[in-house]
Structures are given as structure tokens and as C-alpha cells.
1. So, in nm, how far is label B:Ser457 from label A:Met114 when the simple model puts each one 7 Å beyond its Cα toward the Cβ?
2. Between helix B:19-30 and chain B, what is the angle of the helix's C-alpha long axis to the longest principal axis, kept within 0 to 90° and rounded to the nearest 10?
3. Can you give the charge dipole size of the protein assembly as shown about its Cα centre, rounded to the nearest 20 debye, using +1 on the beta carbon of Lys and Arg and -1 on the beta carbon of Asp and Glu?
4. Rank B:Ser231, B:Cys214, B:Val449 by how far each Cα sits towards the positive end of the charge dipole of the protein assembly as shown (+1 on Lys, Arg Cβ; -1 on Asp, Glu Cβ) and give me just the farthest.
5. Taking chain B as the reference, fit the longest principal axis to its C-alpha atoms, fit the long axis of helix B:179-190 to the helix C-alpha atoms, and give the angle between the two in degrees, 0 to 90, nearest 10.
6. Of B:Leu364, B:Tyr321, B:Met300, which is farthest on the positive side of the dipole of chain B, counting Cα position, with +1 on Lys and Arg Cβ, -1 on Asp and Glu Cβ, and the Cα centre as origin?
7. How far apart, in nanometres, would the label points at A:Glu63 and A:Asn221 be if each is projected 7 angstrom from Cα along the Cα-to-Cβ direction?
8. Suppose every K and R has +1 on its Cβ and every D and E has -1 on its Cβ; what is the size of the dipole of the stretch A:134-182 about the Cα centre, in Debye to the nearest 20?
Amino acid sequence: MDRRESMKSMLVGTLAGGLVINGCAPSGEPASQGVTPKTGLYGRMPAEIARDQQLIEDKFFSEHELETIAVLCDLILPASGEFGSANDAGVPEFIAFIAKDMRYQQVPLRGGLMWLDNRANRKFGTNFKSCTGSQHKELLDEIAYPDKATPEVGQGVRFFNLMRNLTLTGYYTTKMGIDALGYKGNSPNVWDGVPDDVLAEHGLAYDEEWLAKCIDQQTRNEIAKWDDNGNLLN
Amino acid sequence: MQIIESPKVYDAIIVGSGAGGGMATKILSEAGLQVALVEAGPFYDPTDPKFMTQLKWPWESPRRGAGSTRAFGDFDAAYGGWEIDGEPYTRTPGTKFDWFRSHMLGGRTNHWGRISLRFGPNDFKHKDVDGLGDNWPISYDDIKPYYDRVDKLIGIFGSKEGLYNEPDGFFLPAPKPRLHELYYIKAARQAGVKVIPSRKSIVTKRINDDRGVCFYCSQCSRACSVKADFSSSSALVFPAQKSGNVDLFVNAMVREVSTDSNGLATGVSYVNKEDRQEYRLKGRTVVLAASACSSARIVMNSKSGQHPNGIGNGSDVTGKYLHDSTGSSRSFFVPQLMDRKIYNEDGVAGMHVYSPWWLDNKKLDFPRGYHIELGGGLGMPSYGFGFAASEMNMFVGEQTGGYGDKLRDDVRKYYGATMGVAGRGECIAREDNYCEIDPNVVDEWGIPVLRFNYTWSDNEIKQVKHMHETFEEIFDKIGAIPLGDKPGKDSNYGIADPGRIIHEVGTTRMGDDPKTSVLNKYQQMHEVKNVFIVDGGSFVSQADKNPTWTILALSMRTSEYIIEQLKSKNI
């Protein structure tokens, strides 16, 4: 992955940036009727449920490939302190799903695994998953650092970038990963400004003029009333 | 195949249940009119657990929320996207336009950003200011009372600022800025760029007993289960159904408006997507609100002896003057935000602050303004999180790449340390940016599809170039580092392809002259007095503002005009 490409991908994850129905009750079937999706219910349309089901049943990677992915994932993210490894978080299963869901990933992943086995065979006479710890380190060190990698292993660097990306994204989107990261949201809350200690640490403060335009959360449940000029009265 | 006709004659048949159609449904049904609301997609209710994506965790999706089937990801509440299976559209070679459709009850209002900006006095009469484009046949004063009522009916937070072309309304109080927004405020002020609280249709303070109050999950794009954001479904259509005067038809794809021998509309015919049969509804009036391009498509496909060029399209203006907002974006690494303390920073969706247009075009090399939106913060991880996690090491003199425990440190170190900014600007409507009926292609319902023809002009490209200069100027004030390369001339300064900002309007524009407009100032067809179009199609120009609030105000005004016209038997 060249720098511009990696910059682009870096941003993906960091920014979020005929039936007559009368009255309120729909007579149509709910989106999830008829099948019990193995993926759980997360607001899917029937066609999406069917697609998920099919993908889950499909197989793409061979056993050998899956074992190699498992070894790689745990080298990328081993267990650390109280938090489990990529395998503990089910990352290989996630990568196996992604390869089926995003078909454009198939050749880079399969070919990359083959490239790595080939490299291991040439250097150590065995495939990657069977290498020793020091052999793994030697193989990864030559492809894990894009800035100092030699052009000879360019394809390996690209593959390892992909594996690292998928491993991290697969890990930090699990409960284990979110706990490890410390993300605190996705739950009912009342946002009432940056904590004072954080403001102090950053040398920032709310100015009074701005705060006067903001909600006093004590009054959020009172029904809003205005005068004729749009001045809020409560 | 026989066309199945319903015996009931409705006072109004409303096509499309988004902002314009939802408002028309509410106003007309509550006035006692018998209304048929015809929606091309399925039923959807954001408060029903069956449909809910709000508060789901990334691991509940096997692809962790990636956009394999929905353009904005698994948890986004828009069914559809820029491509829909079985419903193609085409483009004239050498031009671009990407058409976003969301067929579902409530349409695109279920997932939009809720940025709700009134047009100002200049926005309705911009030709008077710079000689370009055309004036609207109405002024800000004509529509102000309706904006005021929309504010109170639906709920919008914001602040009174007294800016001439960014008129104040009846605002709920704004949420406090987050940490990254405080940095933006500081930087923007130093760069001389105006920055004020956002204006969004999110209920930060209760407005009635039917709608809930925001509980700050940052997920308006998933549609709110307590109805604290504006979705046409929960804020307009469901309340309207309580009148008992609304028959809702879902999965009903309208083919055409039918007419009598006098050329007046008699109803619509539609394909029921479930049994693939064609049905006809009869009505005294037809209100199109299918979205600017979908309504134009229905108009152009409604050909008859009286209307050989499509209903009410004797002027041949339908489809022309299509315009979308300009857009371009950039991201920055903010070193001060490295290694931040982590706390629950979820707020309302998107941004708590923004920059309205602050400059005078007389001193610039392009016409018309843009506003700046921003993003950042300690968001919930989803597919893509952690990609190139260690790339920012290059800015702090450390090695990029790697594996093992160091990666965990890098993920943590840079979490919440980037910000994104985007400009959204006004494109001047041109006759030669248009959609038309493709003479050779139909969709799976047998309905002729649209062919688009759209190009950006120098005006828009220069505007976007200015956006990028501004972005760097602002972020330079706080020592932030721009990510990636600044887009140059070769990429037209990173201007998003037309249609990508999803503010397309103008295809059945209003005006006083029937030769140069499709609708009069009440969104009534010049040539067919019982057909109205209340979506973005009627816009003469779009300002640099998101169109929804203006669609709502105009639809409210038109709906009351329809009631009056029916009462006085003018239609």
C-alpha cells in the first residue's frame, strides 16, 4: 500500500465522520420474518438476511489458509495484559467472512498467503505456519515496516498491510477490542460538555457567550416555549 | 395484463413519503382530506425493534458495519443507495451523475445528517446579487412564516446569531461543543472564519409529548427509536395517520400520472412490487414528492394526447437545471489530541458547530458560497477502524507499520486525534445540466429510466479550490497536519462527483413564466392545475444549504394552498 492509499484507508475508520395500510399498524411482514438469521437481528432487509446467510454457509479459505491466518493474526495482535489475542476475539473468522463479503479481497489475501509460504519455504524450507518463533520474526520484520522494507518484498509489504488492517479492525470491533480501547459510548447519555479536567489539560475553556446558547440539561424535559420573536422562554 | 382500478377517489394522491410528501400528508389529512400516500419502498418504523439499528454494536454485523449492501454501512437507516438492483439509470458519455435513492417509508429523511438551514433573503434572489442563474418567484418573506412553523412543529436546535443571510428561527438550545470542536472554534476564529453552533433538526429539549428528547448516541443516521430526530416517518407520517384519513400504499412504484381528455390529472398508476401487477388510484389532485429526479421521471413518463412531452411539460423544462451541492473534504491530524483521556463523547449526530458562509464573493474569483462541516472525536469503532493505525507515527518521528504490542499503543495513541472537514457549496443551476428519459432502457418494472447529463463548470471547481485553501489555513492555526495530498488541478481540486452530496434539486423548477418553468410559485404545474410537486424539484437555486428545511416549508405552504383551492373549487 503506498502512502497516499494508506492515508485514504486510515481515514475510513476514524471519521464518521400495493398493500394498503390503514392506521398505524403495518400489515406487511416484518423485515426478519421467515428465517432465523445466524447473524442475529440488526435491522436487516429480507434480501440482506438472505445474503448474510449465504455468505456464512459459503467456504472460501482452505484449512491450511485458515491456520496460516490464525498464526498471522496472533503475531499481529498477541494477548496483552488483561486483553486477549486476535484469535481470542475471533478475528480469523471475521477475516474469513470479509473475504466472502468483499470478493475483491480474495486474490490479495489468497495470493498474499501463498507469497508468504513461498518466502518461508525459500528461507527456511517450510511453510509459514510451521516456522519457529524466530523465523516468524525474521519473515515479518522484512515486510512489517514499509519505510525500510526492500523493493524485493514489496508485494509482501502490501499483503501484510492488508492483514494488519483487517486484524486491527476485526479486533477493535469486538467487545474485547472495544474494552481494550476504552470506548465509552453507544448508550443513552446526556452530553453536557467536555470534563473540566480535560479542558484544563488542553488549556481550553468554554466562553460564556457560547455557553449561553447551549442547553441547560436540567430543563431538557420541559416543553419548549418561545415568544413571537423566537426567544426561548424556558 | 389488466390494470386494477381502485373505486375510491382520493382528494389527494401523494407520491413519496420523504420530507415533502410527509409534510403534505400531515397537512392535507389533518385538514380532513382523504389522502393516498404512495411509497415505492417498504414500510419502516424507526421505533420498531425489527427495523432498529440504533445502539447496535459493531460485532452484531458480521462485516462490522461495512458498506457491502448499504452505501453508508450496515447500520445506516437508508435502504438503497447510489445503485439499486433492478432499477438502473444511465449517463451521457463524458458526464457524471450518481443518483442516491432510498425507497422506504420516510425516504432519505431516515438517515440524513439533520443539518437544517433556512435559505436567506439573498438565496431567493441571487440573480439580483450577482446576475447569475435565476431568481425565485418568491422571497424569504413569503416563506418565513412556514419556516417558523416547521421549526416549532419538528424541532431544530441552533442559536440566534442575527446573520442576514442565515436567518434565525425558533431554536432549541444547542449541545455544547466537544473537545475537537473547541479546537476548531479556536482555529477558525484565528483564521477569520465564522463559527457558530450547528442547526440541526434534533430535539435537544422536548417539543411535545409525542417525540422524545435526544439521548446523545451520535447515531441519527440510524434513525431514532425515541423520535428525537426528524424522520418523515416518525415526525410526520405516523402522526398524520392518527387522523384516519391516510391510506398508505407501500412497495408501490408509480409509473405515471393519468389524465382525462382535458389534460387534467385523474390519478396515478403504479406497479405493486409484491405481485408485479399494475394498479390505478383515482384522485382530485396529485402531489408528487418522489424526490427531484424521480418526480421529473414520472412527469416525463406521463405522456398522453394532451401532454405528448410528459404531463405539464410543454415548456420542456422538466429535468433541466438539475443541481447538487459542491463538496470536497480533507482530514487533519491534530497532535494535541494524541493520547487523549477517553470518556463518553457521543453527542448529536455529526457536528455541534459549523461555519456558515462568511465571505463576500465580490472579492473572490468564484460566485456563491459554501459552508464548512466538521467531524472527529472518540467515535465507536466500525469496519475500517485501525486501518493504517500506525501511519501517523511518521508525524512524530517514529517508525510506521509493525506488529505486536506496539500496535495496541499506536491505536490507543491516535484514537480521536484526527478531524475531518468538508465544504458544501452552491452550484449555479444550468439548463444544460439535466436528466431525461433514456430512450432505450427500462427498469425491472418496465418503466423507462433516467439518463443523466451533468458537468461541473469553472465556478464550482474554483469554489472547491478555495475550500481546500481555507481548510489548510484553519488547521494550520493549531498546528494540525493535513493528511494525504492536497487535491490539485488534475483532480479538479477534489470536487465530489455530481450527486454525491445528495442535495439534487431543480428538475421541475418554479417560476412566473410558464415558458421557463414547470411550476408556479405554489409548486402547482402551470399547465395542469391539479398537479403539484413538493420535493426539491421546485428549487430555482439551492444556496449552499441542505435542502430539507426548505422542502418542508414549501410543502407546508403548498399543502395549505391546495386545501384553499379545493375549498374554493378552483381545482
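1. It is 5.3 nm.
2. Tilt relative to chain B: about 50 degrees.
3. On the way: 91 positive and 104 negative charges, 87 e Å.
With only Lys, Arg, Asp and Glu charged at Cβ, the dipole is about 420 debye.
4. Towards the positive end, the residue furthest out is B:Val449.
5. 90 degrees
6. Going by the Cα projections, it comes out as B:Leu364.
7. 6.0 nm
8. Rounded to the nearest 20 debye, it is 200 debye.
Here, each number is a calculation from the coordinates, and none is a lab measurement. A quick note: this is a predicted structure, and the numbers were derived from the prediction, not measured. FYI the Cβ positions are ideal-geometry reconstructions off the backbone, even for glycines, and counts take in every protein chain you see.
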